[in-house]
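Heads up, the thing below is written out as structure tokens.
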Amino acid sequence: MNFDFDDKQRKEILNTVLDKVEHFYANTKDYSTTPKLNLQEIRNLVETPDLISGNKPNEAIEHIINGLENYSVHTPHPNYFGLFNPRANFAGIIADFITASYNPQLAAWSHAPFAVEVEAHVIREFIEKFGLDKKKSDGVFTTGGAEANLTAVLCALNNKYPNFAKNGMFGLDKKPIIFCSQEAHHSVQKAAKVVGLGYDFVKTIHTNKDLKIDTFLLEKEIKKLNASTQSPLMVIGTAGTTGTGTIDDLESISKICKTHDIWFHVDAAYGGAAVLSSKLKQLLSGIPVSDSITFDAHKWMSVPMGTSIFLTSHQEILNKTFRITTEYMPKEASEMKIIEPFSHSIQWSRRFIGLKVYLSLLFYGWDGYEKVINHQAKMGEYLRLKLTENNWIIKNNTELPVVCFTDQQFESDLNFTKTILNKILTRGNSWLSVYPIENVPTFRACITNYNTTETEIDELIEELNKERETYQS
Ligand SMILES: *Cc1c(COP(=O)(O)O)cnc(C)c1O
């Protein structure tokens with residue numbers, strides 16, 4: 001068995017893949033946004049091919065492409081107004097292919113010095129973009145925002161409790177409390193569970209009428225802690241909430257954190273990309289004085305999934321949190337001014353995550369990104385304008401292209417959004433979701449695709465209007 005195949009066969013396989021993928025990439029709009037969710041049909045399809053003696057490569061590829069094309073929500077579709085999943089940009093796709101082919105091991109610098117230095121360079125670029133102090137900051141690529149938020153909790157614990165790495169929770173005299181808003185991402189609760197704290201130690205604070213964390217309540221809750229048994233660990237501000245794209249008042253949170261000596265983490269998984277636009281970056285004022293930041297490049301920066309960044313303004317904290325020394329670990333770091341990735345994250349074997357961002361910057365530049373970010377923000381404004389013109393009422397207030405809306409007349413009809421959503425998703429021309437704001441279900445439409453234009457927005461509005469009319473009659 002030749003796992004490599006010969007060069008003629010390899011070209012044939014590559015050509016098949018290229019033809020299929022190119023067809024999808026060039027004609028994404030012709031596909032249905034929504035898959036059929038027939039479990040038995042899907043299981044049968046997955047289980048059909050022979051796994052004992054193997055299959056013809058071209059048939060295997062056709063099998064997979066057929067499965068993905070028929071049974072996925074097509075997040076790269078320009079009429080996908082969905083969650084923060086982008087159309088993967090071309091540079092990012094190529095980067096993943098190259099990464100898989102060379103398979104560099106980024107655990108240790110000496111194994112993949114070019115790749116490690118690329119990631120370090122990109123991290124330094126983001127430190128600058130977010131306005132952190134270059135001389136005092138550090139960062140690492142993570143697999144996603146969930147890992148970055150977990151990293152933030154671990155860093156906050158190791159910063160506050162110098163013996164945490166050695167004694168863990170058993171060494172603490174008081175219970176550490178994490179604060180965030182009720183609109184924060186659930187990965188915060190998960191991080192609390194994973195570090196051994198438990199989600200009861202996450203205090204969620206109510207939001208104000210703008211859906212931002214109520215900073216008055218936040219400070220009140222901090223002061224209310226029982227000083228002999230509890231201690232505030234960190235406050236997590238969200239820059240672009242998952243539900244409504246709202247940016248918390250980061251400056252006020254940072255002041256509260258300073259006053260009470262608390263770690264200030266900004267979960268900018270989605271909204272962090274605003275720093276790439278000179279028009280939008282002032283929305284994130286307050287972020288430069290944070291202790292740490294989560295930023296997902298696989299959201300608004302449109303690289304394929306598995307690409308997030310954790311930044312911190314405490315240069316030593318990642319090392320303190322993750323460094324382990326064993327005999328088989330390389331010792332180069334002590335002699336050279338380099339960073340060993342294994343000393344900076346939960347991971348050991350490490351994929352070249354950062355190439356997707358680096359190659360995107362090589363292809364498009366920061367200038368290219370500024371243009372597409374501004375375009376998407378403008379499409380968000382266009383969507384708001386069109387909704388208002390068509391008598392939909394908008395329920396959230398953000399400069400980011402996330403719009404939550406409903407109809408005045410049917411606002412209290414709990415079936416309204418659900419019924420219409422089902423019809424739209426069944427038709428498969430557009431994809432959007434429903435998000436409850438203060439128990440009122442609203443439609444949630446987000447511009448997550450750099451190819452979405454006025455045309456796709458008009459198509460969405462037309463569908464919504466039509467469904468509203470039939471719902472009435
Ligand atoms: C998406 C998101 C996360 C989780 O990030 P993943 O990359 O999906 O793990 C965390 N916080 C916010 C605000 C998000 O929108």
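In the stretch 260-271, the residues that are aromatic (Phe, Trp, Tyr) reach residues that are assigned to a strand (DSSP E or B) with C-beta atoms within less than 6 angstrom, at least six apart or across chains, in these pairs: Trp263/Met234; Phe264/Val235.
What residue, among those in the stretch 226-255 that are closer than 29 Å to Asn439 by Cβ and open to solvent by 10 Å² or more (accessible area, probe 1.4 Å), is farthest from the ligand (Cβ to nearest atom)? The residue in question is Ser252. Scan the stretch 256-281 for residues that are among the aromatic types (Phe, Trp, Tyr) and within 11 Å of the ligand (Cβ to nearest atom) and the total you get is 1. Mind checking which residues of the stretch 401-417 are within 26 Å of the chain's Cα centre (by Cα) and open to solvent by 40 Å² or more (accessible area, probe 1.4 Å)? Listed by number, the list is empty, since nothing qualifies. Restricting Leu414, Leu385, Leu421, Leu362 to residues that are touching a strand residue (DSSP E or B) at 6+ places or on another chain (Cβ under 7 Å), part of a helix (DSSP H, G or I) and among the hydrophobic types (A, V, I, L, M, F, W, C) narrows the list to Leu421. Could we say that Thr143 is within 16 Å of the ligand (Cβ to nearest atom) and in contact with a Gly (Cβ under 8 Å, 6 or more places away or on another chain) here? Yes: the conditions hold for Thr143.
The listed residues are Ser360, Ser349, and the only one of them that is more than 20 Å from Trp300 (Cα to Cα) and either buried (at least 21 other Cβ atoms within 10 Å of the Cβ) or of a type in the set (Ser, Thr, Tyr) (or both) turns out to be Ser349. Scanning the stretch 160-202 for residues being open to solvent by 70 Å² or more (accessible area, probe 1.4 Å), within 17 Å of Glu221 (Cα to Cα) and in contact with a helix residue (DSSP H, G or I) (Cβ under 7 Å, 6 or more places away or on another chain) gives a total of 2. Among residues of the stretch 145-156 that are within 23 Å of Phe84 (Cα to Cα), those with a Cβ under 6 angstrom from a residue that is within 12 Å of the ligand (Cβ to nearest atom) and among the aromatic types (Phe, Trp, Tyr), sequence gap 6+ or separate chain, pair up as Ala148/Phe310; Thr151/Phe310. Checking each residue in the stretch 290-319 for being open to solvent by 10 Å² or more (accessible area, probe 1.4 Å), among the charged types (D, E, K, R) and within 16 Å of the ligand (Cβ to nearest atom) picks out only Lys299.
Picking from Thr448, Thr455, Thr398, Thr426, which residue would you name as being over 26 Å from the mean Cα position of the chain (by Cα), open to solvent by less than 80 Å² (accessible area, probe 1.4 Å) and of a type in the set (Val, Ile, Thr)?
Step by step, each of Thr448, Thr455, Thr398, Thr426 is checked, and only Thr455 is over 26 Å from the mean Cα position of the chain (by Cα), open to solvent by less than 80 Å² (accessible area, probe 1.4 Å) and of a type in the set (Val, Ile, Thr).
Among the criteria (1) out of contact with any Leu (no Cβ under 9 Å at 6 or more places or on another chain); (2) at pLDDT 95 or above; (3) closer than 25 Å to Gly354 by Cβ, the one Cys155 does not fulfil is (1). Across the stretch 120-177, the qualifying residues are those that are among the basic types (Lys, Arg) and either touching a Ser or Thr at 6+ places or on another chain (Cβ under 8 Å) or in a helix (DSSP H, G or I) (or both), and the one among them that is farthest from Ser254 (Cα to Cα) is Lys166.
The values are calculated or read from the model by the stated rules, or taken from the named source; none is laboratory data. Keep in mind the model is a prediction, meaning the values are calculated, not measured. Every residue, glycine among them, receives a Cβ derived from its backbone with ideal geometry; neighbour counts consider all protein chains shown. Each accessible area value is taken on the protein alone, full model and side chains, heavy atoms only, with ligands, DNA and RNA left out. Shrake-Rupley method; radii C 1.70, N 1.55, O 1.52, S 1.80 Å.
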